[in-house]
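Below: the structure, in structure tokens.
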Amino acid sequence: MSQQTEEIARMLPALLRSLISRMAVAMDGQGMELRLPQFGVLDFLLSNNRAVQTDLANHFAKDRSVMLRQLDEMERVGWIERQMDPEDRRRKNLVVTRSGMEVYRHGARLRSKVFAQVLDGVSEKDLACFLKVLRAMDEKANAGAAK
């Protein structure tokens, strides 16, 4: 492993923890009802229609019972609902409600502010390169998970 690869392997998890912490602090500072894990669920559901509880548990690497409690709470406050799949009556698709969309938009605005702060001074050229590397890493990581 090259020195750069080692540094990336060391820095990336620490960076992710720092970003998560900044985002959580920003959400708390706004007095939002929405917590960061719930924001992640809404984000996933909005980009994966027809998602079910198992999809979320696999994506977030959480036990299905933990995911169930989180989804029950989000359904109780009206951010998601379970809808019967028209093609498979045993399957319950998770759908973001209007209320969920509203709280998600607020969280997305905060996410944009946090990322604008941490990326301040980074050139568009460097961002494009970084995005290219992230996409390549994501592709390789997901290809390995499919095997």
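Does region 8-19 include one or more residues that are among the hydroxyl-bearing types (Ser, Thr, Tyr), modelled with pLDDT under 95 and within 25 Å of Met137 (Cα to Cα)? Within region 8-19 (the criterion being among the hydroxyl-bearing types (Ser, Thr, Tyr), modelled with pLDDT under 95 and within 25 Å of Met137 (Cα to Cα)), the answer is no, since none of the residues qualifies.
Has region 88-102 got any residue that is within 28 Å of Met27 (Cβ to Cβ), polar (S, T, N, Q) and out of contact with any Phe, Trp or Tyr (no Cβ under 9 Å at 6 or more places or on another chain)? Scanning region 88-102 turns up at least one residue that is within 28 Å of Met27 (Cβ to Cβ), polar (S, T, N, Q) and out of contact with any Phe, Trp or Tyr (no Cβ under 9 Å at 6 or more places or on another chain).
One residue stands out among those in region 114-141 that are closer than 27 Å to Leu34 by Cβ and exposed (fewer than 11 other Cβ atoms within 10 Å of the Cβ): the one that is farthest from the chain's Cα centre (by Cα), which is Asp120. Screening Arg76 with (1) out of contact with any helix residue (DSSP H, G or I) (no Cβ under 8 Å at 6 or more places or on another chain); (2) modelled with pLDDT under 90; (3) under 21 Å from His106 (Cα atoms) gives one miss only, at (2).
The values are calculated or read from the model by the stated rules, or taken from the named source; none is laboratory data. All values reported here derive from a predicted model rather than from experimental measurement. Cβ: placed from backbone, ideal geometry, glycine included. Neighbour counts: every protein chain shown.
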